[in-house]
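Working notes, structure below.
Throughout, read-outs are computed from the coordinates displayed, never taken from laboratory work. All figures in this text were calculated on a predicted structure; none of them were measured in a lab. Positions of Cβ are generated from backbone atoms using ideal geometry, with glycine treated the same way; all protein chains shown enter the neighbour counts.
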Amino acid sequence: MNKYPVKDELKKIVEWPNSDFKGLMAYVLTLWEYADCGYWTRVGRKYNISTGGWSGNEEIIGAMRENIMFWAMCWYQSRRGGHYIFHVN
């Protein structure tokens, strides 16, 4: 069963402090559907995440994008099909 992210969870992502982007990614992982099916991998500071076409994951990406500093500093690449790469220090 998919747990759709609620407004407070998305708001927390948008307002996450700029000093803890690793913590933000750890939090997002707890919300990410299908992370255990290969839609979330991490090698060092590089995160490869895919929405899997699920609208809840797309909502999370939208909240991450609204965190302007995170997106400006950590977003590396987006590809068609809902695949994103982030480099997080």
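For the reader, a short list of remarks on this structure follows.
- Check: the range 1-78 dipole with +1 on Lys, Arg Cβ and -1 on Asp, Glu Cβ, in debye: 240 debye
- Here the ratio of the Cα radius of gyration of the range 7-52 to 2.2 N^0.38 Å is 1.18.
- Only one residue of Gly52, Ser19, Met73 has its Cα farthest out toward the positive end of the dipole of the chain, where Lys and Arg carry +1 and Asp and Glu -1 on Cβ, and that residue is Met73.
- When the P(r) of the chain is calculated, the portion above 19 Å amounts to 30% of the C-alpha pairs.
- The chain: calculated mean residue ellipticity at 222 nm from DSSP helix runs of at least 4, using -39500 (n - 2.57): -12500 deg cm²/dmol
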